Amino acid sequence: MSLMIIKCSVPEAFRDTISKEITSAKDFLGEIEKRFANSDKVETNTLLQNLISIKYKGKGNIRKYIMEMSNIASNKLKAQKLELSDDLLVHLVLISLPAQFGQRECKVDKFV
């Protein structure tokens, strides 16, 4: 009975990917969990792409921009069990800034 209830509440796209031979709710939920196990890798990839491709557009608060990058690196990537060093984060921030910030003259030890 519980398997029928679960199947009715799961979108059809997911129902069709699960084997028809499964007869228990526990096994069905286990199969659904397996389908989403790789999403951590996708999330990590997306976060890294955002961190690498983000560019400061010269508008808004620079501190807020840097803190946004720091938040991605510190909190979100740590949740995915991936940590970036402070030095690497500093370099990513400097690379993302426009030339008007005089990157060659910046002396930043840590800003996190």
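Descriptive notes on the structure:
- Accessible area ranking (1.4 Å probe, heavy atoms, ligands and nucleic acids excluded), largest first, for L51, L3, L88: L88, L3, L51.
- Given K41/K64; K26/K81; K7/K34; K26/K78, the pairs whose alpha carbons are separated by over 20 Å: K41/K64; K26/K81; K26/K78
- The GNM of the chain, with springs linking C-alpha atoms under 10 angstrom apart, assigns the highest mean-square fluctuation among D16, D87, D40 to D16.
- Checking every one of the chymotrypsin sites (Phe, Trp or Tyr not before Pro) in the range 12-93 against DSSP loop status and a limit of 15 other Cβ atoms within 10 Å picks out F36.
- Only helices reaching 27 angstrom along their own axis (Cα) with mean Kyte-Doolittle hydropathy no lower than 0.5 count here, and not one DSSP H run of the chain does.
- Pairs of Cα atoms in the chain fall into 5 Å distance bins, from 0 up to the last occupied one, in shares of 2, 10, 17, 15, 10, 8, 7, 7, 8, 7, 5, 3, 1, 0 percent.
- Taking S24, S85, S74 as the candidate residues, the one with maximal mean-square fluctuation in a Gaussian network model of the chain, Cα springs under 10 Å, is S24.
- Computed over every Cα-Cα pair of the range 46-107 and binned at 5 Å starting from 0, the pair-distance distribution P(r) comes out as 3, 18, 31, 26, 14, 7, 2 percent.
- Cα→Cβ-extended label distance, 7 Å offset, between F14 and I52, nm: 3.1 nm
- Look at the dipole of the chain built from charges on Cβ: of S85, S24, A13, the Cα furthest out on the positive end belongs to S85.
- Relative contact order for the chain, counting Cα pairs under 8 Å that sit 6 or more residues apart, in percent: 22 percent
- To the nearest 10, the accessible area of I95 is 110 Å² with a 1.4 Å probe.
The values are calculated or read from the model by the stated rules, or taken from the named source; none is laboratory data. In this text, all values refer to a predicted model and were calculated from it rather than measured experimentally. Backbone-built Cβ (ideal geometry, glycine too); neighbour counts: all protein chains shown. SASA here: full protein model, heavy atoms, side chains in, ligands and nucleic acids out. Shrake-Rupley method; radii C 1.70, N 1.55, O 1.52, S 1.80 Å.
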